[in-house]
Amino acid sequence: MNRRTAFLTTLAVTTALTLTACGSDDDKAGGTEAERGNKSASPSASVDNSPDRPEIELPADLKLTFEGGKTGDPVKDAILADNAERMRAIDAAITGTDPEGKALAFYNTGKALQAALDWVAQFEEAGATLTGEARYYDREVTLQGEDSATLIFCADESKGFSKDKKTDEVHKTPVTKNSYVLYHTRLDRNADGVWQTSQIVSTRGAAQCLP
């Protein structure tokens, strides 16, 4: 998987696995949405007609915050909501709260799904899980017709770390510009009305995401 140019070869290496854990094809507002905490919020009215969404729970020591969830446009709000659940789904698969990856398959398709599965597998192989916090901000949706859209957003991973499953040792790393990530994603609405992520590209240390 090519989401990063350098992924730790063993858990002892100082490079940390990060909270977003999303995988990609390449490595390269206003207001604050209520934090979802460790349990998925109910779907918004804009997605009420879609199928039952899988309930996603995260461990108590893992917290994700999504800013700017309400734009006033119901379609864009649905895209932002499904993208947030997509990010949570990957972390749920990594941390073991969704061992079968049901939510992972629900919110991903195509290359993004395969990349996410590969990323989760690397955590499993390393005997690692996730702890800490991640914040997602500057989330901007651009509609590309009725059934596709692009979503660009930033992630602050400075408080997110990998943790050894057996020893619970947290592998903390210094905060650098690479703790901030710019994501370019494509989402496609499937026949059930779910906005699935189909492509994702990440750029670490992007100037527009730095504090």
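Quick notes
- Radius 13 Å from Cβ of Leu210, net charge of other residues (Lys, Arg +1; Asp, Glu -1): -1
- Evaluated with a Cβ-only charge set (Lys, Arg +1; Asp, Glu -1), the stretch 52-211 carries a dipole of roughly 480 debye about its Cα centre, given to the nearest 20.
- Computed over protein heavy atoms with a 1.4 Å probe, the accessible surface of the stretch 143-187 works out to 53 Å² per residue.
- Three-way shape label, the stretch 78-211, alpha-carbon gyration tensor, a/c 1.5: oblate
- Probe 1.4 Å, protein heavy atoms only - accessible area per residue of the stretch 63-115 in square angstrom: 35
- Violating pairs (Cα-Cα greater than 29 angstrom) within the set Lys63/Lys111; Lys102/Lys177; Lys70/Lys166: Lys102/Lys177; Lys70/Lys166
- Near-label residues of the stretch 112-129 by backbone N, under 20 Å of a point 7 Å along Cα→Cβ of Glu57: 129
- In a simple Cβ point-charge model (Lys, Arg +1; Asp, Glu -1; nothing else charged), the stretch 72-152 has a dipole of about 60 debye relative to its Cα centre.
- Sulfur and carbon atoms: percent of accessible area, the stretch 89-157 [1.4 Å]: 47
- Using a probe of 1.4 Å on the protein chains alone, the accessible area found for Ser158 is around 20 Å².
- Inter-label distance for Gln114 and Asp73, nm, one decimal - labels placed 7 Å from Cα along Cα-to-Cβ: 3.1
- Counting only protein chain heavy atoms and rolling a 1.4 Å probe, the accessible areas of Asp168, Asp52 rank, largest first, as Asp52, Asp168.
The values are calculated or read from the model by the stated rules, or taken from the named source; none is laboratory data. This one's a predicted model, so the numbers in the text were calculated from it and none came from an experiment. A quick note on method: Cβ atoms are made from the backbone with ideal geometry, for glycine too, and the neighbour counts reach across all protein chains shown. The accessibility values were calculated without ligands, DNA or RNA, using every heavy atom of the protein model including side chains. Shrake-Rupley method; radii C 1.70, N 1.55, O 1.52, S 1.80 Å.
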